[in-house]
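Below is one structure, written out as structure tokens, with a few remarks after it.
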Amino acid sequence: MTDTATLTVDGQEYSLPIIEGTEGERAVDIRALRAQSGLITLDPGYGNTGSCESAITYIDGERGILRYRGIPIEQFENQPNFVEVAWLLMFGSLPDAAEYDRFSTLLTDTANIDESMKHHFQGFPRTAPPMAMLSAMINALSCFHPEFQELDDLKTFEGAAARLISKVRTIAAYAYRRTHGMPYIYPDPELRYVPNFLHMMFSQPYRQYVCDDAVRDALNLLLILHADHEQNCSTSTVRMVGSSRANLFASCAAGVCALWGPLHGGANVKVLQMLDAIHTGKMTPEEYVKLAKDKSSKVRLMGFGHRVYKSFDPRAVVLQRMAERLLSGRNDRDPLLDIARRLEEIALSDSYFVDRNLYPNVDFYSGVILRAIGIPVDMFTVIFAIGRLPGWIAQWREQNESPDARISRPRQIYTGNRETGYRSRLGSAKAG
Ligand code: ACO
């Protein structure tokens with residue numbers, strides 16, 4: 001196969017190297033293009049632009065493949081352990097028993113947040129969106145941990161990563177309790193990662209929440225399935241902010257903001273609102289699908305479609321199995337699961353969705369699972385952020401250590417006025 005591409009512009013030929021990844025995907029390396037030709041490339045939405053080389057996560061959107069450090073995500077389905085996967089993403093291989101114990105102990109020891117940080121929550125109105133609090137408080141961690149401004153060695157990096165992964169649970173739970181006017185519950189050192197989070201969410205000073213194994217496994221798996229997804233919107237944001245050498249906390253706080261949007265992590269909230277609207281009789285599944293196909297309505301079938309997956313989203317397949325498993329063990333069957341199944345059935349036999357390769361994505365079933373666990377809708381995207389954190393940290397580290405890393409600074413094609421003179425239109429108004 002050829003290892004250069006030739007671009008011809010105005011009769012002049014430019015030779016551009018082709019580079020190939022370990023799974024055979026190929027890219028035209030345009031790093032020298034502008035210097036050689038004066039040309040840039042234009043790709044709004046970056047659908048054809050590789051922003052980096054990365055060894056963390058592999059996606060084949062055509063075949064519905066997602067692997068973390070080479071391991072297919074389906075292999076985490078039995079005995080899911082989020083902390084183990086977090087380590088895998090950040091450090092490149094599965095932890096051995098000693099590494100796992102050390103990291104778990106670090107997570108336990110650092111779960112609490114500074115008492116004065118706790119008071120910050122009181123400054124937010126009760127109606128504050130939890131994602132706004134999450135982002136603000138992750139950023140505030142920079143103020144409380146000046147020792148982690150520079151992460152020059154592995155031990156310091158591990159310390160910062162552990163604090164972030166551990167404290168994000170505490171911050172998330174406190175944000176929830178702030179909006180519901182409940183007292184903050186301290187982390188319990190006897191509990192593992194997921195049960196400890198649910199304890200901080202749902203225990204009362206007079207009654208301990210007890211996490212059953214099915215719920216523990218479901219949430220572990222859900223967090224794992226959200227843990228990384230290569231250069232998506234929020235991860236690219238973390239990398240972009242980190243490229244200016246902003247610290248890890250500031251970069252991940254920016255990632256939370258990017259995740260918040262309804263076309264990204266916020267879609268899980270929209271999915272549940274959609275299912276609920278159908279359930280409460282506002283619309284039938286058929287009417288909703290019809291509306292989603294009507295371009296003038298601006299309505300989309302939430303939880304459907306993906307920029308990269310064009311056959312199926314493997315995370316949605318695992319989550320559908322998980323939703324069935326979790327709910328089949330309960331007496332109170334969730335009608336929203338039946339509505340989700342019906343919507344999927346209608347859409348997958350409709351040429352509008354089939355022709356555009358629109359399939360359920362990770363958000364389609366995650367809301368049903370979170371609802372079964374008792375997580376309120378306004379916390380759904382927060383849970384996504386807790387899951388995505390190890391991925392953001394791993395990607396931040398990879399970039400920080402890359403010899404090729406430069407500050408991210410895209411260019412543009414300017415379409416505004418050509419040079420024009422200054423002619424004030426203020427008339428007799430005073431100067432400002
Ligand atoms: N419902 C109806 N039509 C859709 C949907 C949908 N959910 N998704 C895409 N389309 C249509 C578009 O209208 C467009 O149609 P056209 O070619 O006739 O103009 C075509 O499919 C392609 O859509 P784009 O918006 O160009 O696809 P893009 O790759 O830019 O967007 C996205 C992907 C944002 C995920 C989109 O499919 C969408 O909005 N889905 C619903 C929101 C959602 O579920 N987001 C979560 C994504 S997963 C994640 O972030 C974790």
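Any read-out appearing in this document is the output of simple, stated calculations on the displayed coordinates, not a laboratory observation. Fair warning: this is a prediction, and the values are worked out from it, not measured in the lab. Every residue, glycine as well, gets a Cβ built from its backbone with ideal geometry; the counts of neighbours run over all protein chains shown.
Of the candidates 145, 229, 264, which one comes out as most mobile in a Gaussian network treatment of the chain with C-alpha springs shorter than 10 Å? Highest fluctuation of the listed residues: 145.
Assuming a ≥ b ≥ c are the square roots of the Cα gyration tensor eigenvalues, decide whether the range 108-201 counts as rounded (a/c under 1.5), prolate (otherwise, with a/b larger than b/c) or oblate. Cα axes put the range 108-201 in the oblate bin. Between the helical axis of 97-109 and the longest alpha-carbon principal axis of the chain there is an angle of about 80 degrees. Centroid-to-centroid, using Cα positions, the range 132-185 and the range 79-93 are 19 Å apart. Positive-end ranking of 235, 181, 162 along the dipole of the range 146-294, with charges on Cβ about the Cα centre, is headed by 181.
Adding -39500 (n - 2.57) for every DSSP H run of four residues or longer, then dividing by how many residues the chain holds, sets the calculated 222 nm ellipticity at -15500 deg cm²/dmol. Overall form of the chain: rounded. Here a/c, set by the Cα gyration tensor axes a ≥ b ≥ c, is under 1.5.
Within the range 329-432, the trypsin sites (Lys or Arg not before Pro) that combine a DSSP coil assignment with at most 16 other C-beta atoms in a 10 angstrom radius are 330, 333, 356, 406, 411, 418, 423, 425, 430. Working from label points 7 Å from Cα in the Cα-to-Cβ sense, the residue 39 to residue 149 distance is 4.5 nm. Only Lys, Arg, Asp and Glu carry charge here, each on its Cβ (+1 for the first two, -1 for the last two); on that basis the chain has a dipole of about 1940 debye about its Cα centre. Inter-part distance, the range 94-116 to the range 287-352, computed on C-alpha centroids, equals 37 Å. The C-alpha atoms of the chain define a longest principal axis, and helix 130-144 lies at about 80 degrees to it. For the chain, the longest principal axis of the alpha carbon atoms and the long axis of helix 233-243 meet at an angle near 70°.
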